[in-house]
Amino acid sequence: MTDTQHEARDSDTSITRLARGEIVAILAFWAFLAVLTVAGLLVDPRVAAVAAMRALRPEFTSGIDTIALVEYGLWALLTLPIFFMTRRYGGDRPMLDRILAFLLIGVVLAIAVDALLKGIFRQVLAAPTLVQPGLPGLPDRRPPSPPVRGLFFRFSFLYDFIVYVVVLGAGLARNYFVRYQARLEERRRLEAEAAQLRAETAELHSQVTDARLNALRAQLNPHFLFNTLNAVSTLVEEDPPGARRMIARLSDLLRHTLRGGDEQEISLASELEMLRRYLDIMEVRFQGKLDVSIESETSLDEALVPNLVLQPLVENAFRHGLAQMQSVGRVTVRAERDNGDLVLTVRDNGSGPANPIREGVGLTNTRARLAQLYGERQRLALTADSGGGAVVEVRLPYHTTSQRRSGRNA
């Protein structure tokens, strides 16, 4: 037997071990039955009638009382090893071979108890008590003692065997109940540990997600800054006043961005406000060759979107679609609700995406941030517009600040 099996056996034994209160309860039960039986013998008129019919001595009743006390006391002592046997070898569900072994032990024990009680009965009710006066002219005679073989064939041990079966059944029932309670307790403990583990895992996953999102934002912000400064540098010599205006508006945009804090999601209204500041910079750069349109209903202002989700999409339209255009470039930003989703669309009239499509830092980081935040409930698609240019569509679950707070409180 392995160490694990030894530990399992020791654990089962400790679980089903009789408590002190149970031992007291067992002894008290048999004592109660003994007292109840003796009291019944004392008040039962049939016992006195039988004694009178057999012309026995008055000590007959007290002898039966003594036998009853001895019998119940003996079963009280036997109950403890029987319970020990059931808890040691009963298991959760005793097999057929074990049940047959228990019954065989019961037959042997019942025969032994019956023989012992018979011997005590003959000692308590000695020969003078059992003397029956003979008829006139005939000698007194005593009833012959039945041989042991006759006792067996008359099945006089069946009463004790029935008592054994009842005690055995009680022991098996107790063993099963205690093990069942232990399994329930173990299940509750494991469920509590699993819930705690899930909470710790969720917290760790949240921390990892935040770390990844912060890393993506750390890449996105310098990318946006460098591209904007590059646009400023192109106007330093051509349009110094325009360059100064771009620097001033870039300062306002950075100040507004820093005030936004480290939150991964902001309201759509705040996101559009930062986008307008960025578009102000681009309007200076394109010097009247830029037509920008932002379409969004006021009912969507409280919808939550990833921080700086629109700026890299618009920047991608400028850099890859409108940078080489000689005519007026058009950029349309649209926000709308589609059932349970919020759909953000950026459309330009540039040359359209390359074939095959190659995504830069802005689109790649935006796609990764959406996946981290919303899992499978998001989509980012870059396609060619049927009328020329490119279309970027972002679809994410619609939710607001109040809904997020109520979800956290729940």
Pick from 340, 329, 360: which is open to solvent by less than 20 Å² (accessible area, probe 1.4 Å) and not β-branched (Val, Ile, Thr)?
329
Any residue that is part of a helix (DSSP H, G or I), within 24 Å of residue 115 (Cβ to Cβ), β-branched (Val, Ile, Thr) and modelled with pLDDT under 80 - is there at least one of those in the range 71-88?
no
Find the residue count for the range 246-275, including only residues that are modelled with pLDDT under 85, of a type in the set (Ser, Thr, Tyr) and within 24 Å of residue 372 (Cβ to Cβ).
1
Please state which of the following conditions residue 288 fails to meet, knowing it meets all the rest: (1) farther than 20 Å from residue 382 by Cα; (2) modelled with pLDDT of 80 or more; (3) open to solvent by 10 Å² or more (accessible area, probe 1.4 Å).
(2)
Which of the residues belonging to the range 234-253 are polar (S, T, N, Q) and either surrounded by 13 or more Cβ atoms within 10 Å (Cβ to Cβ) or touching a Pro at 6+ places or on another chain (Cβ under 9 Å) (or both)?
234
Find all pairs meeting these conditions: Cβ atoms under 8 angstrom apart; at least six residues apart or on different chains; first residue within the range 12-41 and over 17 Å from residue 171 (Cβ atoms) and polar (S, T, N, Q); second residue part of a helix (DSSP H, G or I) and at pLDDT 80 or above.
37/72
Considering only the range 151-164, I want to know if a residue exists there that is modelled with pLDDT under 70, assigned to a helix (DSSP H, G or I) and open to solvent by 60 Å² or more (accessible area, probe 1.4 Å).
yes
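Matching residues to (1) under 17 Å from residue 389 (Cβ atoms); (2) part of a strand (DSSP E or B); (3) of a type outside the set (Phe, Trp, Tyr):
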site	(1), (2), (3)
319	yes, no, yes
326	yes, no, yes
332	yes, yes, yes
337	no, yes, yes
344	yes, yes, yes
363	yes, no, yes
367	no, no, yes
372	no, no, yes
376	no, no, yes
Need pairs with beta-carbon distance below 6 Å; first residue on the phi > 0 side of the Ramachandran plot and within the range 349-377, second at pLDDT 80 or above; sequence gap 6+ or separate chains.
352/384; 352/389; 352/390
So for the range 307-329 (the condition being in contact with a Ser or Thr (Cβ under 8 Å, 6 or more places away or on another chain) and at pLDDT 85 or above), does at least one residue qualify?
yes
Mind checking which residues of the range 283-339 are farther than 22 Å from residue 247 by Cα and of a type in the set (Lys, Arg)?
330, 334, 337
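If only one of 311, 264 is open to solvent by less than 20 Å² (accessible area, probe 1.4 Å) and polar (S, T, N, Q), which one is it?
311
Can you name every residue in the range 174-191 that is open to solvent by 60 Å² or more (accessible area, probe 1.4 Å) and within 17 Å of the chain's Cα centre (by Cα)?
183, 185, 186, 187, 188, 189, 190, 191
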Please count how many residues of the range 343-357 are under 26 Å from residue 234 (Cα atoms) and open to solvent by 30 Å² or more (accessible area, probe 1.4 Å).
5
Of the residues in the range 374-392, those that are open to solvent by less than 50 Å² (accessible area, probe 1.4 Å) and either over 12 Å from residue 319 (Cβ atoms) or in contact with a Cys (Cβ under 6 Å, 6 or more places away or on another chain) (or both) number 11
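The values are calculated or read from the model by the stated rules, or taken from the named source; none is laboratory data. Since we're looking at a predicted model, the values are computed, not measured. FYI the Cβ positions are ideal-geometry reconstructions off the backbone, even for glycines, and counts take in every protein chain you see. For accessibility, only protein heavy atoms count, side chains too; no ligands or nucleic acids. Shrake-Rupley method; radii C 1.70, N 1.55, O 1.52, S 1.80 Å.
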